[in-house]
Amino acid sequence: MGNVSGEWIIYGVEWDDPECIHTVDEAIAYINEVGFLPLFKNDIPGFSLEERTVPEFWWSDDPEKDPWMWRAIIARKHDIIYGKFFAKKAGFISRKWFPVFANYRRDGYDFDALFEDEKAPYKHKKIMDFFMEENQDSEIFSNLLKVQAGFGKDGEKGFDGAVTSLMMQTYLCNCDFRKRVNKNGKEYGWDVAVYSSPEHIYGYDHIASRYQDDPQDSWKQIVQHMREIYPIATERQIRKILK
């Protein structure tokens, strides 16, 4: 996605293009095939959902054809994890590949150990306290998390940046997008992101299943896979998008 003279442009393909993804089920199959995929166009040509979909269907509010709605459907299904995993931008990682990313991005640390070793700021801990093992079933609206974790006008600053950092480290993800509910039990407003931990989606044992590997070996595995599925990607591009 690009901005030309103030207008957002979606880069995609025609409906009858052999590379076109037509449905959310096709999107899920493709993400599982390649293992991980950004939502929007980036420095690696073709390495995004955007570039394999029909531009005019974006933000059409048609769940059959709208890739923007597909991202919510995919997040909700919990078969693939969705979040800001690619240079602080949104995308998808399959169940198979998530432990590899977690081992590399976390450098072998669960969050509590990371914080104990003074490698994470206190404001990150205030967010992660809602998703630690004793609260592992937690799913929480982004707006509620912001307030309850003490961010806002008179509290901590930089909530969005903190959440993005935690997603890049694979400690958090988007598990759904839902409308808020008023005191009368009725939905209202725009859909709001719901956050959770990957451990809630797949279980701790699966997320930590590659912790015995050297994190640098996990990185080499990611790079090698990229060279196989997107051989045109350069070393610099791979590092920029996936490091």
Candidate lysines for bridging to Lys77, where Cα separation is under 21 Å - those fewer than 8 sequence places away on the same chain excluded: Lys65, Lys89, Lys96, Lys179
Stretch gain in nm, segment Lys157-Arg180, where the contour uses 0.36 nm per residue and the Cα spacing is subtracted: 5.9 nm
Cα pair distances in the stretch 167-220, grouped into 10 Å bins until the bin that holds the longest one, percent each: 20, 33, 24, 14, 8, 0
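Is the shape of the stretch 16-81 rounded, prolate or oblate, going by the alpha carbon gyration tensor and its root eigenvalues a ≥ b ≥ c, with a/c under 1.5 for rounded and a/b larger than b/c for prolate?
Values: a/c = 1.45, a/b = 1.03, b/c = 1.40.
Here the stretch 16-81 falls in the rounded category.
Place a +1 charge on the Cβ of each Lys and Arg in the stretch 95-172 and a -1 charge on the Cβ of each Asp and Glu, then give the dipole magnitude about the Cα centre in debye, rounded to the nearest 20. Provide the component values of the computation, followed by the final result.
Details: 11 positive and 14 negative charges, 88 e Å.
It comes to approximately 420 debye.
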Part-to-part distance (alpha-carbon centres) for the stretch 76-140 and the stretch 6-72, which is given in Å: 25 Å
Mean separation of Cα contacts under 8 Å (6+ apart) over length of the chain, as relative contact order %: 20 percent
Rounded, prolate or oblate (a/c below 1.5 giving rounded, otherwise prolate when a/b exceeds b/c) for the stretch 93-207 by Cα gyration tensor: oblate
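Calculate, for Ala87 and Glu19, the FRET efficiency according to 1/(1 + (r/R0)^6) with r their C-beta to C-beta distance and R0 22 Å; round to the nearest 0.05. Please list the in-between numbers first.
On the way: r = 23 Å, r/R0 = 1.05.
The value I calculate is 0.45.
Could you list, in their original order, any pairs among Lys119/Lys240; Lys84/Lys183; Lys84/Lys125 whose Cα atoms are separated by more than 25 Å? Display every interim value, and only then the final one.
On the way: Lys119/Lys240 22 Å; Lys84/Lys183 31 Å; Lys84/Lys125 19 Å.
Long pairs (Cα-Cα over 25 Å): Lys84/Lys183.
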Residue-span extension gain [Glu56 to Trp190] - 0.36 nm each, minus C-alpha spacing: 46.1 nm
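Quick one: grab the alpha carbon gyration tensor of the chain, order the square roots of its eigenvalues as a ≥ b ≥ c, and give me rounded if a/c is under 1.5, else prolate or oblate depending on whether a/b is larger than b/c.
Values: a/c = 1.73, a/b = 1.15, b/c = 1.50.
In terms of gyration-tensor shape, oblate.
Go ahead and estimate [θ] at 222 nm for the chain from helices alone: -39,500 (n - 2.57) per DSSP H run with n ≥ 4, summed, over the residue count, rounded to 500. The partial results should precede the final answer.
Values: 11 runs with 93 residues, N = 243.
Roughly -10500 deg cm²/dmol at 222 nm, from the helical runs in the chain.
Which of the trypsin sites (Lys or Arg not before Pro) found in the stretch 153-213 are in a DSSP loop and have at most 12 neighbouring Cβ atoms, other than their own, within 10 Å? Mind showing how you got there, number by number?
Details: sites: Lys153, Lys157, Arg178, Lys179, Arg180, Lys183, Lys186, Arg210; in loops: Lys153, Lys157, Lys183, Lys186, Arg210.
Hits after loop and neighbour filter: Lys153, Lys157, Lys183, Lys186.
Can you list the trypsin sites (Lys or Arg not before Pro) in the stretch 16-109 that are in a DSSP coil and have 12 or fewer other beta carbons within 10 angstrom?
Working: sites: Lys41, Arg52, Lys65, Arg71, Arg76, Lys77, Lys84, Lys88, Lys89, Arg95, Lys96, Arg105, Arg106; in loops: Lys41, Lys65, Lys88, Arg95, Lys96.
For trypsin sites (Lys or Arg not before Pro) across the stretch 16-109 that sit outside H, G, I, E and B with at most 12 neighbouring Cβ atoms in 10 Å, the list reads Lys88, Lys96.
Throughout, read-outs are computed from the coordinates displayed, never taken from laboratory work. Every value quoted in this text rests on a predicted model; they were computed, and no experiment measured them. Neighbour counts are summed over all protein chains in view; Cβ atoms, including those assigned to glycine, are modelled from backbone coordinates with ideal geometry.
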